[in-house]
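Written below as structure tokens is the structure these notes are about.
The values are calculated or read from the model by the stated rules, or taken from the named source; none is laboratory data. What you see is a predicted model, and the numbers here were worked out from it, not measured in a lab. Positions of Cβ are generated from backbone atoms using ideal geometry, with glycine treated the same way; all protein chains shown enter the neighbour counts.
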Amino acid sequence: MDDGLNESKLRDSGFDWEEFLLNYLKHVYLITGGDFFEINQLSSLFLSKNNNDIEPYSMDGLSQYLDQAFDDAIESVKNNHGGPFGAVIVRDGKILGRGVNKVISENDPTAHAEVMAIRNACKNIGHFDLTGATIFTTCEPCPMCLSAIYWANIQEVYYCSTRKDAENIGFRDNHIYEELNLPVEERKIHFVKIGNPKSEALFRLWLDKVDKVSY
Ligand SMILES: [Zn+2]
């Protein structure tokens, strides 16, 4: 395609390219007698860009991404990278990044599958914002990964095993969730608030920084 005709230019011109494409797809279906389900799936993917009411993933798509996460996790366990967890991040039907638990091989307690997938996706797209992306993970995220998902602006999580399932094989996800529900003074980790004169100056530095990148 000529680089003078791209998606953003079409959108800016006011041309209803989505309607055009949907009509085109219907036309292709009528001519080819192709598989309607597949065409309908593709239409949904395009519609989902502007319509949150429409489910962008078919069950086939769901199992495809989850299968990938499971395959990665199985391979990772066999290679002694870490616990049995894998995650895949998808946006607009495209895999942006994948991750497996690498706590053991990286000597990194934060190297959970979801965090690794977020790091991989952000590196691949060259940006820290994953707005519009979905994460498929073999197990319900722990509080750390859930926080990372919030920070990355991921809006959807599809998961298979639960935090209780993880607890049953020796992982502390559920325990940490329970800790978060306790008042700070009742948690197992000791929290002490202390004052420092640099505290206000540090935040002031950020507040007054004219070239800061907000996130
Ligand atoms: Zn985690």
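Select from the range 67-110 the residues that are farther than 15 Å from PHE171 by Cα, of a type outside the set (Ser, Thr, Tyr) and assigned to a loop (DSSP other than H, G, I, E, B) and list them in ascending order.
Residues satisfying the conditions are ASN79, ASN80, HIS81, ASP92, GLY93, GLU106, ASN107, ASP108.
Assuming ILE118 fulfils every condition listed in (1) of a type outside the set (Phe, Trp, Tyr); (2) assigned to a strand (DSSP E or B); (3) within 13 Å of the ligand (Cβ to nearest atom) apart from one, which condition is it?
The single condition ILE118 does not satisfy is (2).
Can you tell me which residue among GLY195, GLY170 is exposed (fewer than 13 other Cβ atoms within 10 Å of the Cβ) and within 19 Å of PRO109 (Cα to Cα)? Before you say what the answer is, go through the steps one by one.
On the way: GLY195 fails: within 19 Å of PRO109 (Cα to Cα).
After applying the criteria, what remains is GLY170.
Which ones in the range 87-112 are among the basic types (Lys, Arg) and either in contact with a helix residue (DSSP H, G or I) (Cβ under 7 Å, 6 or more places away or on another chain) or in contact (Cβ under 8 Å) with a residue 12 or more places away in the chain (or both)?
Once the filter is applied, which keeps residues that are among the basic types (Lys, Arg) and either in contact with a helix residue (DSSP H, G or I) (Cβ under 7 Å, 6 or more places away or on another chain) or in contact (Cβ under 8 Å) with a residue 12 or more places away in the chain (or both), the range 87-112 yields ARG91, ARG98, LYS102.
If HIS112 satisfies every condition in (1) more than 9 Å from the ligand (Cβ to nearest atom); (2) at pLDDT 95 or above but one, which is the exception?
Among (1) more than 9 Å from the ligand (Cβ to nearest atom); (2) at pLDDT 95 or above, HIS112 violates only (1).
Which ones in the range 128-176 are in contact (Cβ under 8 Å) with a residue 24 or more places away in the chain, β-branched (Val, Ile, Thr) and more than 13 Å from the ligand (Cβ to nearest atom)?
The answer is THR131, THR134, ILE154, ILE169.
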